[in-house]
Structures are given as structure tokens and as C-alpha cells.
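Chemist: The structure that follows is given in the form of C-alpha cells.
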Amino acid sequence: MGTLQRYAAIYGALWRNSVTREMQFKSNFLLWIVVELLWFALQLAFMQVLYGQTDSIGGWSRWQVILLVGVSNFIQQLFTAIFLTNVNELSEHVRTGKLDFMLLLPVNTRFLISFRKVDLGSFINAAFAAVVIFYAALQLDLHPSFLQFIGFAVVCVAGISVHYSIMFLLATIAFSTVRAQGILTGYYNLFNIARLPEGAFQRGSFKAIFTFVLPMLLVANVPAKTLLGFPSLPSQVGLLMLMSLICFSASELFWRWSLRRYTSASS
């Protein structure tokens, strides 16, 4: 309990620093929120255009897909708020030598790297995504039970964990290449796959890769299906939880292996 309280206090201090940093550039803070909301609106508009030509995609109706897009954006924005900036900066820590100082601090280095900054604007964008989810649920006349809400929260955390673990693993490539932003940007662009209904893809290598290697088709589809009550849900929930555990374990093993090979920026 003492360790948990200590790390909670550290995270609270990091939050306060992030708030102070964001408020120093209020215009940038507000503009970035607007940009992200416009991108979200374009995603919804794209789905409206598609459903102007058809009534169903992979067995998903218009409002089911809008709910899926909302869930995908909700998970993406929470990931962005908590982890994205921090993971992206790992290569800079390696290049500039800042990692050397972090390794000397009396705190878990991965914790410090992962939670050092908070993107407050992304929490606001996540709230807008939650509004879209709620409105789509009203259109579908959904009445999720308390257990469904708990399940939704759990699988959303698992989805965020998958994104974080894979991006952190890719970021550790910076120990060998010094810079890894291009790889991370490429992975971040794959987030768009998560807003597509998994049923729209036939069995094949594409579906297998984005289910079992880079599980993009799980991280948003499973939480959306939790609210929608799809019959195939239990097996997919189990698969998402398993992939979350595998991805985190792989990222931790690669992180420790990379640290053992790290000889500091000055060497």
C-alpha cells in the first residue's frame, strides 16, 4: 500500500505539471481540440456517405457502426491523453541522454516514461466521443445492464493496453536506431482500422494479422459489441484480454532486453 500511495502521489504531481504546461499555451490547447473534433466529424460523415449506398456493412447497421466509430475514437483519445506523447518522446530521451538521468531516479523508469505528461485536450475529445456513443445507443434503443457497463470499461482498458504495449515496444527500437518516430507514426495511422466493423472482413491474411498480430479489429469492436450484446462476444472478450496480456509481456521483455544493451548516450 505504501508503494501504491507513493506512485499515486508521483502521478498526481505529474498531472499538476501537465496542467500548468497546457495552460501556458491556451490557444494551442483549444485549437488542437477543434482539429481533433473536426477529424472525428469527418469520420462520422464518411460513414454516413457509405450508408447512403447500403443498409448494412458486414452485418452492422448505420447506428451500430456510428457507435463503433464513437467507441474507437473514445479509446484512441484516452490512449492519446495518457500515453501517446510519452511513448513518442522515448527516442528523444535516448538521443539526448535524458534517459540516463531517469534511470538514476528512485522510481520505476518505465512508469516515469509512460506517465510523465498528460494530454488534457484528449480527455475532452474522449468526452465528445462518449456523447456520440450515448446518442447512437439511444437510436438503437439499447438498455445496457450494469454488468455490460462494467464489461465495457474492462475491455476498453484492455484495448488501451494493447495500443500502449505495442507502441511502447516499437518505441524501444530507438535503442538501436536512435529515432523511431516514423515507425510510431505508421502504427498510429493503423488506428483507423479499429473503426471498421470486423464482420466486413472475410477470413484471410489481412484479418488474421489485424486480429492476432496487431489486434486492431479487437480493440474497438469488442467494446462496441459489449454494448450491442453480440452473441459471439465471450470468445472475443477472452481473446482481447489474452492479446492485451501477451502484448504487455512482450513489450516488458523487449524493454528489459533493450536496457541491458543500453550504454548511455555518451558512450
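Chemist: Could you pull out the residue among ARG16, ARG62, ARG6, ARG21 that is over 22 Å from the mean Cα position of the chain (by Cα) and within 16 Å of ALA224 (Cα to Cα)?
Modeler: Details: ARG16 fails: within 16 Å of ALA224 (Cα to Cα); ARG6 fails: within 16 Å of ALA224 (Cα to Cα); ARG21 fails: within 16 Å of ALA224 (Cα to Cα).
Going through ARG16, ARG62, ARG6, ARG21 in turn, the sole match is ARG62.
Chemist: Between ALA250, ALA220, ALA224, ALA200, which is under 24 Å from ILE173 (Cα atoms) and either surrounded by 14 or more Cβ atoms within 10 Å (Cβ to Cβ) or in contact with a Phe, Trp or Tyr (Cβ under 9 Å, 6 or more places away or on another chain) (or both)? Outline the logic, then answer.
Modeler: On the way: ALA220 fails: under 24 Å from ILE173 (Cα atoms); ALA224 fails: under 24 Å from ILE173 (Cα atoms); ALA200 fails: under 24 Å from ILE173 (Cα atoms).
Every option except ALA250 fails the conditions.
Chemist: Could you list all residues from segment 207-236 that are in a helix (DSSP H, G or I), under 14 Å from VAL71 (Cβ atoms) and under 17 Å from the mean Cα position of the chain (by Cα)?
Modeler: Of everything in segment 207-236, those that are in a helix (DSSP H, G or I), under 14 Å from VAL71 (Cβ atoms) and under 17 Å from the mean Cα position of the chain (by Cα) turn out to be MET216, LEU217, LEU218, VAL219, ASN221, VAL222, PRO223, ALA224.
Chemist: When you scan segment 1-94 for helices (runs of 4 or more DSSP H) that lie fully inside it, which ones turn up with 2 or more residues that are out of contact with any Asp or Glu (no Cβ under 6 Å at 6 or more places or on another chain), of a type in the set (Phe, Trp, Tyr) and over 30 Å from ARG203 (Cβ atoms)? Break it down into steps so the answer makes sense when it comes.
Modeler: On the way: elements: 2-23, 26-50, 62-79, 85-88.
Filter on segment 1-94 gives 2-23, 26-50.
Chemist: Any residue that is at pLDDT below 90, under 17 Å from ASN221 (Cβ atoms) and among the hydroxyl-bearing types (Ser, Thr, Tyr) - is there at least one of those in segment 62-79? Show your work before the answer.
Modeler: Restricting attention to segment 62-79, the residues satisfying the condition of being at pLDDT below 90 are none.
No - not one qualifying residue is present in segment 62-79.
Chemist: Taking segment 2-18 as the region of interest, how many residues are modelled with pLDDT under 85 and either surrounded by 12 or more Cβ atoms within 10 Å (Cβ to Cβ) or at positive phi (or both)?
Modeler: The number of residues fulfilling the criteria is 1.
Chemist: Is one or more of the residues making up segment 36-56 acidic (Asp, Glu) and buried (at least 18 other Cβ atoms within 10 Å of the Cβ)? Explain how you work it out, then say what you get.
Modeler: Looking only at segment 36-56, we keep the residues that are acidic (Asp, Glu), and these are 36, 55.
Next, from what is left, pick out any that are buried (at least 18 other Cβ atoms within 10 Å of the Cβ): 36.
The answer is yes, given that some residue of segment 36-56 is acidic (Asp, Glu) and buried (at least 18 other Cβ atoms within 10 Å of the Cβ).
The values are calculated or read from the model by the stated rules, or taken from the named source; none is laboratory data. All figures in this text were calculated on a predicted structure; none of them were measured in a lab. No Cβ is skipped: glycine too gets one built from the backbone with ideal geometry, and neighbour counts run over all protein chains shown.
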